[in-house]
Structures are given as structure tokens and as C-alpha cells.
Amino acid sequence: MADNIPKKQDFEEAYQGKPPWDIEKPQPQFVAAADQVKGSILDVGCGTGENALFFAERGHKVTGVDYLEQPIAQARQKAQQRNLPANFMVMDALHLDELPEQFDSAIDCGLFHVFSDEDRARYVAGLASVIKPGGRLFLLCFSDKEPPGDGPRRISKQDIYEAFSGHWQVESIEEARFEARSDLKDIQFSPGGPYAWFCVIRREP
């Protein structure tokens, strides 16, 4: 795939099996930051819903969106099995402005880094329409410290600052790691998991 920009078909094929990012639990970075995440939450690119369901279990009103039907169906099934009132919708993250409500917080676990430059700008504009002024985005994305190879585009700090210029304030960018499945055979990441950035970004009035 050119420049590591995945196509919808690539994700559909990944969900025919078990994607590398589907670790059947929330990413540890969001667990560690949970006390910072306030109010209603939008999980953009929620996959099978583990991060969203973690916050639903903590009492948040949570909506998860993903543009694939299969992971959304799995997320809904998990919510039902766990008796958690999370809402999951099939929706393209490039059309967030079509959502009928705004949220106090949003989380992005591994979506920001899949977009082309043009789509990244559309995505950030959409986020601005659904996060309340003063609300925060909690973003976990691949870092340019992860060596070239498998996985999505690598993101630099400068990329983040440039994407969230304008009506945003980047409050923090910290070095982090993604947890990936431990049984991966054909995909190689850094020992300990792919290098990542964990960002807290505030939507300004």
C-alpha cells in the first residue's frame, strides 16, 4: 500500500481474522489516563469496542463509531453480553459533522495515523464539530520513533502540532507504546510494542 495509507479493503480483510490491534482489552495508555477523561465520550474508529466499553463500565455515556460493519457488530454483542449501555454506529470518521450531538471528550486509538494528509485535515475538522469547546481529544498514534516497516504511517510531533493548529491547544505529547497481540508471526514491531505518541489536545472555544 502506497505510503502506508490503508484502504477499506485492507481493514475488511484484517477483520476476516483477528487484527494485530485487537488485543481483547483496552489499550493500557487509556486505562492509565482514564481519570483525565471526563463526561460523554466519542470513540472514533472504535473497532470491536474494548476502549469504549472500558469507559462505559466506568459510568461514561459512550458512543463508538467505525466504518466497518463487522467490528461494530462485535462491539454491540460485547456491550449486550456485558450489560453495558454503549452506543455503536457504523459511520465514516471523515463525516463526523453528521453526528447529531457533541461530546465532552473523544478518544482515538490508532485512527489518526491511517489518513492521507488531505483526509487528516478533514478528520480534524470533523472532530472540531463534535467535541464541545473546552473538551479534549485523547489520541494514541504510531510514532516516528517506530522503525520503518509494518503498520501505518509514522507520525512526528510536528505532524500533530500542524494538524491541530487553529482551534486547538496541544496540551501534552508523551512517548508511549501500543500493545499488540503477542501471537503475531508475520508482522514485526519493536520489542515491547510499537512506539507511539499519547496526546491530550483541547478544543478551544
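Sort VAL200, VAL130 so that the residue with the fewest other Cβ atoms within 10 Å of its own Cβ comes first and the one with the most comes last.
Ranked by crowding around the Cβ, least crowded first: VAL200, VAL130.
Please get the size of the charge dipole for the chain, origin at its Cα centre, with Cβ charges of +1 on Lys and Arg and -1 on Asp and Glu, quoted in debye to the nearest 20.
That gives the chain a dipole magnitude of about 540 debye.
Within 10 Å of each residue's Cβ, count the other Cβ atoms and sort ASP183, ASP108 from fewest upward.
Exposure proxy ranking, most exposed first: ASP183, ASP108.
Rank GLN16, GLN77, GLN27 by mean-square fluctuation in a GNM of the chain with C-alpha springs under 10 angstrom and give only the top-ranked residue.
Highest fluctuation of the listed residues: GLN16.
ALA196's amide H: which non-local residues (gap 5+, or another chain) put their own amide H closer than 5 Å, with H modeled 1.01 Å from N in plane and none for Pro or chain starts?
SER143, ALA176, ARG177, PHE178
Could you list ASP66, ASP144 in order of exposure, starting from the residue whose Cβ has the fewest other Cβ atoms within 10 Å?
Least crowded to most crowded, the residues run ASP144, ASP66.
Counting only Cα, what are the radius of gyration and maximum Cα-Cα distance Dmax of the chain, in Å?
Expressed in Å, the Cα Rg and Dmax of the chain come to 15.7, 47.
By how many nm would the segment from GLN158 to LYS25 lengthen if fully extended, with 0.36 nm per residue of separation less the alpha-carbon distance?
44.9 nm
Over the chain, what is the mean sequence separation of C-alpha contacts under 8 Å (at least six apart), divided by residue count, expressed as relative contact order in percent?
About 21 percent, as a whole number.
Which length gain, in nm to one decimal place, applies between ASP97 and LYS132 when the Cα-Cα distance is subtracted from 0.36 nm times their residue separation?
Difference between extended and current length: 11.3 nm.
Rule-based calculations on the coordinates, nothing more; no lab input. Just so you know, these numbers come straight off a predicted model, no measurement behind them. With ideal geometry, Cβ positions are generated from the backbone for all residues, glycine too; neighbour counts draw on all protein chains shown.
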